[in-house]
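Colleague: Handing you this structure, nothing more for now.
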Amino acid sequence: MEACMDFLDRLDRDISLKILTYLEDPSDLLRASSVSRSWRNFVIVNGLWKQLCLRMFPQLSRVSHVFGLNKVSTKELVEAGSSYSKERESLERDDRAYSLLARACTSSIVRDCILQPISVSSTDNYPEESINNTLQPADIVARRVSYWLSRGQSNPVVTERLTYKLADEFCVITEINIRPFLAYFQSGSPLYLVEAVRFRMGHPKGPMGVGNDLLSDSYPVSAYEKFIWTYTSQEFPMAQESCLLKFKLPEPVLCVGGILQIELQGRVQRQEMAGSLSTRMSYVQVMGRPLSPTFGVEILEPSGKFVLKIKHNTLVKFQTQPSIPSADHFQRRRTYFQHILSIPTILQGNLVDDIDEIEMSEEEE
């Protein structure tokens, strides 16, 4: 034991700091801060948790300050080997906040983060073919085929935008999953796809409601300008397949404000009757880690900065979400729907009248 030495005491501070910044796993930095009081003090004073979080999520550079529920007592600060001061209290609060945040962003359960749709650029037939249908995993709901349909356009480069409110105003998004709509009831079962997709995340400029007036009409320029986009992804080419297409982001993105927009670019399919180019979407899923109720945010306008709030001093775990329906499930649904069309069935719009006469498995029911 006499031969042991602490390199933090022997090496220059900058060299020691350089060494510890190589710890990129939150669990490793947690272990380092638990070695001794001197190591913990080094981690706190140099803001290593904050540096780690900034490397993980550049969006945190917009944090104005951290607000914590509980202040550090004078006794705790004296025991840590430091006199009480406002600066030290701030360092302790940041250390606690960013250490919790780093662990929450890497260890909490990944689940579907969509709460509800906010607006859509266009809808061909509201409400039967509205954006609300994209939240339904099943392709048949209440005896109707479930999908969103845009208005037809002669120009293939017209972009469609679907905007959603997430379940949390502060969450980490890892991937967006989209299932295009396969029109079983049309000749050749066409796929109403687009050439590419792009994703934006951000927050509203001010309080806004969600109502049918935004969902039923064309997407106004004023509505688009109500959001501040703090992240824009690359363009992802869309595979021409009738399955759940997964778009994994290159790095997890911290969405501050809880607004996500899907931008659909390049129409490729014409409607059977009208002949115009349309886009149809069956299902949208946003996978990520909500960070409440442990954390909250307050957007500071007009600067765009935000206050990071600690609501709980421990991580709150979420229940696991139902799994995504498998490819086999959708294949069974396709076979089932084709069976409906192959028998004498009266179709009124998209309504299947004789659906009860078809035998269904327990899972499909």
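Colleague: Would it be correct to say that Glu169 is of a type in the set (Asp, Glu) and over 30 Å from Leu100 (Cα atoms)? Quick ask: steps written out before the conclusion?
Modeller: Working: of a type in the set (Asp, Glu): yes; over 30 Å from Leu100 (Cα atoms): no.
No; evaluated as a whole, the condition is false for this residue.
Colleague: Same structure, new question: Does Val110 satisfy being over 20 Å from Thr174 (Cβ atoms) and not acidic (Asp, Glu)?
Modeller: Working: over 20 Å from Thr174 (Cβ atoms): no; not acidic (Asp, Glu): yes.
No: the conditions fail for Val110.
Quick grid of which residues meet (1) out of contact with any Asp or Glu (no Cβ under 6 Å at 6 or more places or on another chain); (2) among the aliphatic types (A, V, I, L, M); (3) within 19 Å of Cys171 (Cβ to Cβ); (4) modelled with pLDDT of 75 or more:
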residue	(1), (2), (3), (4)
Pro290	no, no, yes, yes
Glu298	yes, no, yes, yes
Pro302	yes, no, no, yes
Lys305	yes, no, yes, yes
His312	yes, no, yes, yes
Ile340	yes, yes, no, no
Ile343	yes, yes, no, no
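So that you can scan it fast, the table gives a plain yes or no per residue for (1) more than 16 Å from the chain's Cα centre (by Cα); (2) aliphatic (A, V, I, L, M):
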{"residue": "Ser121", "(1), (2)": "yes, no"}
{"residue": "Glu128", "(1), (2)": "yes, no"}
{"residue": "Ala138", "(1), (2)": "yes, yes"}
{"residue": "Tyr147", "(1), (2)": "yes, no"}
{"residue": "Phe170", "(1), (2)": "no, no"}
{"residue": "Asn177", "(1), (2)": "no, no"}
{"residue": "Phe181", "(1), (2)": "yes, no"}
{"residue": "Ser187", "(1), (2)": "yes, no"}
{"residue": "Ala196", "(1), (2)": "yes, yes"}
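Colleague: Turning to a different aspect of this structure: Going through Glu175, Glu160 one at a time, which residue ends up being acidic (Asp, Glu) and closer than 17 Å to Ser282 by Cβ?
Modeller: Every option except Glu160 fails the conditions.
The values are calculated or read from the model by the stated rules, or taken from the named source; none is laboratory data. Small disclaimer: the values here were computed from a predicted structure and weren't measured. FYI the Cβ positions are ideal-geometry reconstructions off the backbone, even for glycines, and counts take in every protein chain you see.
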